[in-house]
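First the structure, in the form of C-alpha cells, and then the observations on it.
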Amino acid sequence: MCSSHELTGKEFQPIATSSSYMERIKGMRFFDPHVHMTSRTTDDYQAMADAGVVAIIEPAFWLGQPRTGVDTFRDYFNSLIGWERFRSSQFGIKHYCTIGLNSKEANNERLAEAVMEILPSFIYKEGVVGVGEIGFDDQTAAEEKYYRAQLELAKEAGLPVQIHTPHRDKKKGTQRSMDIALEHGLDPHMVIVDHNNEETVKEVLDRGFWAAFTIYPFTKMGNERMVEIVKQYGSERIMVNSAADWGISDPLAVPKTAALMHESGIDLNDIHLVTFRNAITAFAQSGQMDEVDFDTVKDVDQSLKFNGSTVLRGGQQPRIDKQSNIIR
C-alpha cells in the first residue's frame, strides 16, 4: 500500500464518541457482506445489532494457522451453515456465508485436492450465497489452479464469486483475478472483488465488477479514505465491509463509516447503497437471499438452542426483547 495512505487510529475511528456516531446512523440499516464472525464474541453480535446491522455474510477463510486435514474444513464449513448461523440469529441478525478453499491454504495441494472434493456438498446448502473468499495470496501456480477450479464450480452452481485480492502486489493480483474470471466466462456482475484500494478501484469498476472495500485499521482501507472514494466514484457497484477477524479489526466498521459519510455530506441514498442495498443486489443473484429474510430473525428469543447449545452461560437470562438490556 502506498506510504501516502498510511493510516492512524484517528483515521479509523474519527468520530469522538460512540454516542455521537450512533446519533448519525439512527434509523439506518446495514449489511456487512464480509465479516468473519467465527472469530468474534457474542458481545460483537450485540454491538452490531444495536448499531443497525441486520444481515451479514461470513466468507470461508483461513484460521490463523494451517489446517492439517480435510475433516477440519468439513467441520468449519458445517459451523458456517449451522452454529454460526444460529448464533447470529440470537441477536436478530440474518447470517449468510460463502464457501470456498481460501488462497493461502490452496498451496497445500494434497489437502486442497481433498477440499475440492467436498466443496460441491456445501455450496448448494441453504444460506450459501457464493463461492468465496477465493483468489490470490502469494500469486502462486497452485493458487491459480484452485482459483480456476472454483470459478468453474461457481459457474455450474450459478453462484456469485467473492474474490480475495492479495495484500502484496495488489494491483497485479487484482488485474489477474479479473482476467481469469473473464477467461472462464463469468459475468463481471456475478463477481465481487474485495479488499480494493485507490490503486485498484477504477479498473474494477470500469470492467464491470463489484468493488468491495474492507474498512480495517492500519491496512487495506480507512473510513476517511472510503469517504473520498465514494465522493469520487459514486455509489454504483461499491460496497463496504469490516472483514472483522481474529486480528485487530472492528465489526462496527460499516456503521461507523456510514456515520462518517453522513457527517461528510454524502447523500443518504449513496450511503444506503454502499452500506446496504448493493450487497443485497450482488449476492441475491445466488437465489438464496431475499430482504424479507432479514425480518425472520427480528424477534429474538435467546431461550432457543442449537443441538443442545445456547449463547447463554451460567445463570444468564434469555433476552427476548431486542430493545432490552442483555446483561441483567
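Summary of values
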| quantity | calculated |
| --- | --- |
| Student exercise, the stretch 27-291 dipole from Lys, Arg, Asp, Glu Cβ charges, in Debye to nearest 20 | 40 debye |
| q = 0.13, 0.15, 0.20, 0.22 Å⁻¹, the stretch 165-260: log10 I(q)/I(0) [Debye, one scatterer per Cα] | -0.43, -0.57, -0.97, -1.13 |
| Span-like helix ranges in the chain, DSSP H, alpha carbon extent 30 angstrom or more, Kyte mean at least 1.0 | none |
| Spatial separation of Cα centroids for the stretch 238-265 and the stretch 33-76, in angstrom | 16 Å |
| Full-stretch length increase - residue 295, residue 267 - with 0.36 nm per residue and alpha-carbon distance subtracted | 7.5 nm |
| Portion, in percent, of the accessible area of the stretch 148-273 that falls on carbon or sulfur, probe 1.4 Å | 50 percent |
| Among (i) 50, 36, 21; (ii) 29, 26, 17; (iii) 48, 31, 19, the entry derived from the coordinates for semi-axes √(5λ) of the Cα gyration tensor in Å | (ii) |
| Å² per residue, accessible surface of the chain at 1.4 Å | 42 Å² |
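The values are calculated or read from the model by the stated rules, or taken from the named source; none is laboratory data. Since we're looking at a predicted model, the values are computed, not measured. Counting neighbours? That spans all protein chains shown, and the Cβs are built from the backbone with ideal geometry, glycine included. Heavy atoms of the whole protein, side chains included, go into the accessibility calculation; ligands, DNA and RNA do not. Shrake-Rupley method; radii C 1.70, N 1.55, O 1.52, S 1.80 Å.
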